[in-house]
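The values are calculated or read from the model by the stated rules, or taken from the named source; none is laboratory data. Keep in mind that what you see is a predicted model, and the values were worked out from it rather than measured. Glycine also receives a Cβ, built like all others from the backbone with ideal geometry; neighbour counts cover every protein chain displayed. Accessible surface is based on the protein model in full, side chains and every heavy atom, while ligands, DNA and RNA are left aside. Shrake-Rupley method; radii C 1.70, N 1.55, O 1.52, S 1.80 Å.
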Protein chains: 2
Amino acid sequence: MATTSNPVKIGLVGLGKIAVDQHIPAIRNNPALELVAGCSPQTRPDGLPGYDDMQAMLAAHPEIAALAICTPPQVRHRLAMEALAAGRHVFLEKPPAATLGEAESLRARAAEKGVTLLASWHSRFAPAVSAARAWVAARKISNISVMWKENVRQWHPGQKWIFAPGGMGVFDPGINGLSILTRIVPDAVIVKKADLHFPANCDAPIEVQMDLQTESGVPVRAEFNFLQENQQTWSIVVEAEDGGKLALHLGGTELEIDGRQVLKEPEHEYPGLYAHFHQLIASGQSDADFAPLRIVADAFMVGKRIAAPDYIE
Amino acid sequence: MATTSNPVKIGLVGLGKIAVDQHIPAIRNNPALELVAGCSPQTRPDGLPGYDDMQAMLAAHPEIAALAICTPPQVRHRLAMEALAAGRHVFLEKPPAATLGEAESLRARAAEKGVTLLASWHSRFAPAVSAARAWVAARKISNISVMWKENVRQWHPGQKWIFAPGGMGVFDPGINGLSILTRIVPDAVIVKKADLHFPANCDAPIEVQMDLQTESGVPVRAEFNFLQENQQTWSIVVEAEDGGKLALHLGGTELEIDGRQVLKEPEHEYPGLYAHFHQLIASGQSDADFAPLRIVADAFMVGKRIAAPDYIE
């Protein structure tokens, strides 16, 4: 499974903020990968051949072996199905699709075509996640909280799709917390109750409170807020029956155990994700876990709808 | 797999309208089954030992081998988990749980305990469904519509849970149409767009329009309405590329092919369901297909919310 002498050639689909900020540098800094081209109906990539759409890019660069799909979720399924049908490995930005039905059909198609599908959850590659998983595995857990509170105006400027149907609203960042939660607890997590605050002019919630439970009965409280000013919070706190306490802060870049900081590292998620993608391709495997998306769908289905003030960017 | 000389002893959990109207007569008319007792915090069954709760019923009747869970969906999961933990086979009314997370945990638990789980979809046992499935399998399909329009005041009097969070609103009958749809088409069905009409005083929609698509690309239109007066509609129409047309009416009790009625039979769903349950127990299998619930969850997740007038029963 070592790096082969021929790097895997990659094409980028969608050239928005996440592609430019994260995917392009992560691919360029991985010697096992080679960034060949990018496509977008709106923009052209810097220093790279650019195309209007994926089919034009693949026609010009048949050597592309893998496609990273970074478009908004609403159009990801069609593009990913075309990519898989063309026999390409696929890296899906999060969330992996707009619906569970789409996600499951991608998993089935990738298996049928014998190519790699990575449903990526970048937050699972935050530096403190594996240590947190090990800590949880060694203890009887009594309580968990997931607090994801950020300022949408700061982090998602101009991203109107986020409040459109299928855009998920505050679940878009909140699902990052859920992706860490479902990685560090060993059993499934089930939604019991959700309060969804919908601005009258939006089709997705701006604030969410949820009561969840692990299959073994541990209560989990989740609170997501998109209107958080000043201190931004991306934290998970786990309490154990022996009185121990673990806290992940700043999306998993800081780890505290029993009140003492034991890890603080710069964010390095996308390099980890791309190393994982390369390893999956090299070993002929897929990684397509949809548990975080299932939690979101369940919350929408059982949630109480609460009216919130209009959201004006 | 024939009927054994010892009938399977069954306990009923929940004694509401569906239990009295459908489950009790279906069990009593099946010689392979024996109705032993029922439980409900509110009512007592006619001519049958009654208990306040499932644990009291099982303590008094350890011979009960299978439990039929007919409570509202919001409490079904806890009861079903207890029933499976007690090593009993479980028949779940539809929908199988309030969330996909709950449903999947029930499937996993039943497999672990080696007992039968039936996630029942009674409409799949309507008389015209198997003929419709065969007709669809023999043709290239071009278009499908699912119209489920009924008067909530007539069919769900006093059932306040239906508009509570997790009660699903008009999806409660609509999921019957989806359960037939997902039985008669061979591939998965994916939600593309949904309009959800929420009365301001309800936590579940009263009217829904959806655009769906089968994995092979056939468009499916679904329209559910809970305020239908006069003519009630529970119909699925399938058009084939060869010009052929199939219509299921009245929930699958009538079948029309190319405009000619070819089948009209009285509804006989629960006897069929209980025969299926008995066969699953006898052969040590489960039947737990959650595709209709997945479609509903996906519709909630990507749906556009449209304000509807208050609903006053």
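Restricting to region B:218-243, and then to whatever is assigned to a strand (DSSP E or B), touching an Asp or Glu at 6+ places or on another chain (Cβ under 9 Å) and open to solvent by less than 10 Å² (accessible area, probe 1.4 Å), can you tell me which residue is farthest from B:Phe163 (Cα to Cα)?
Among those residues, the one meeting the criterion is B:Val220.
Taking the stated definitions as given, is A:Trp135 aromatic (Phe, Trp, Tyr), part of a helix (DSSP H, G or I) and open to solvent by 40 Å² or more (accessible area, probe 1.4 Å)?
no
Run down B:Glu254, B:Glu215 and say which single residue is within 23 Å of B:Val191 (Cβ to Cβ), among the acidic types (Asp, Glu) and buried (at least 16 other Cβ atoms within 10 Å of the Cβ).
Answer to the check: B:Glu215.
Can you tell me which of (1) within 14 Å of another protein chain (Cβ to nearest Cβ); (2) within 14 Å of the chain's Cα centre (by Cα) is the one A:Asp287 doesn't meet?
Among (1) within 14 Å of another protein chain (Cβ to nearest Cβ); (2) within 14 Å of the chain's Cα centre (by Cα), the lone unmet condition for A:Asp287 is (1).
Output the residues belonging to region A:195-221 that are within 21 Å of the chain's Cα centre (by Cα), more than 18 Å from A:Ala132 (Cβ to Cβ) and within 11 Å of chain B (Cβ to nearest Cβ).
Listed by number, the residues that qualify are A:Leu196, A:Asp203, A:Ala204, A:Pro205.
Starting from region B:281-294, take each residue that is touching a residue at least 40 places away in the same chain (Cβ under 8 Å) and list its partners that are part of a helix (DSSP H, G or I) and among the hydroxyl-bearing types (Ser, Thr, Tyr), counting only C-beta distances under 7 angstrom and pairs at least six apart or across chains.
B:Ala291/B:Thr182; B:Pro292/B:Ser179; B:Pro292/B:Thr182
So, A:Ala66, is that one within 14 Å of chain B (Cβ to nearest Cβ) and of a type in the set (A, V, I, L, M, F, W, C) or not?
Answer is no for this residue.
Can you confirm whether region B:265-283 contains a residue that is within 14 Å of chain A (Cβ to nearest Cβ), assigned to a helix (DSSP H, G or I) and either on the phi > 0 side of the Ramachandran plot or surrounded by 22 or more Cβ atoms within 10 Å (Cβ to Cβ) (or both)?
Checked region B:265-283: no residue is within 14 Å of chain A (Cβ to nearest Cβ), assigned to a helix (DSSP H, G or I) and either on the phi > 0 side of the Ramachandran plot or surrounded by 22 or more Cβ atoms within 10 Å (Cβ to Cβ) (or both).
Give the residues of region A:211-229 that are of a type in the set (Gly, Ala, Ser) and farther than 12 Å from A:Ile295 by Cβ, sorted by residue number.
A:Ser216, A:Gly217, listed by residue number.
Can you report the number of residues in region B:178-195 which are of a type in the set (A, V, I, L, M, F, W, C) and assigned to a loop (DSSP other than H, G, I, E, B)?
Qualifying residue count, region B:178-195: 2.
For region A:69-102, which positions are away from chain B (no Cβ under 14 Å) and within 20 Å of A:Gly114 (Cβ to Cβ)?
A:Ile69, A:Leu79, A:Ala83, A:Ala86, A:Gly87, A:Arg88, A:His89, A:Val90, A:Phe91, A:Leu92
Determine which single condition B:Gly114 fails, assuming it passes every other condition in (1) modelled with pLDDT under 95; (2) more than 30 Å from B:Glu313 (Cβ to Cβ); (3) not aliphatic (A, V, I, L, M).
The single condition B:Gly114 does not satisfy is (1).
With the requirement that a residue be within 13 Å of chain A (Cβ to nearest Cβ) and assigned to a loop (DSSP other than H, G, I, E, B), what does region B:163-177 give you?
Selection gives B:Ala164, B:Pro165, B:Gly166, B:Gly167, B:Met168, B:Gly169.
Output the number of the condition that A:Thr182 fails; it satisfies all remaining conditions of (1) away from chain B (no Cβ under 12 Å); (2) under 19 Å from the mean Cα position of the chain (by Cα); (3) closer than 28 Å to A:Gly243 by Cβ; (4) open to solvent by less than 40 Å² (accessible area, probe 1.4 Å).
Every condition holds for A:Thr182 apart from (1).
Being in contact with a helix residue (DSSP H, G or I) (Cβ under 7 Å, 6 or more places away or on another chain), part of a loop (DSSP other than H, G, I, E, B), at positive phi and surrounded by fewer than 17 Cβ atoms within 10 Å (Cβ to Cβ), is that true of even one residue in region B:76-99?
Yes: region B:76-99 contains one or more residues that are in contact with a helix residue (DSSP H, G or I) (Cβ under 7 Å, 6 or more places away or on another chain), part of a loop (DSSP other than H, G, I, E, B), at positive phi and surrounded by fewer than 17 Cβ atoms within 10 Å (Cβ to Cβ).
Among the residues of region A:12-35, which ones are buried (at least 21 other Cβ atoms within 10 Å of the Cβ) and free of Cβ contacts under 8 Å to residues at least 60 places away in the same chain?
Within region A:12-35, A:Leu12, A:Leu15, A:Ala19, A:Ile24, A:Leu35 qualify.
Count, please, the residues in region B:213-231 that happen to be polar (S, T, N, Q) and modelled with pLDDT under 95.
3
So, in region B:147-167, exactly how many residues are aliphatic (A, V, I, L, M), within 17 Å of the chain's Cα centre (by Cα) and farther than 8 Å from B:Phe226 by Cα?
2
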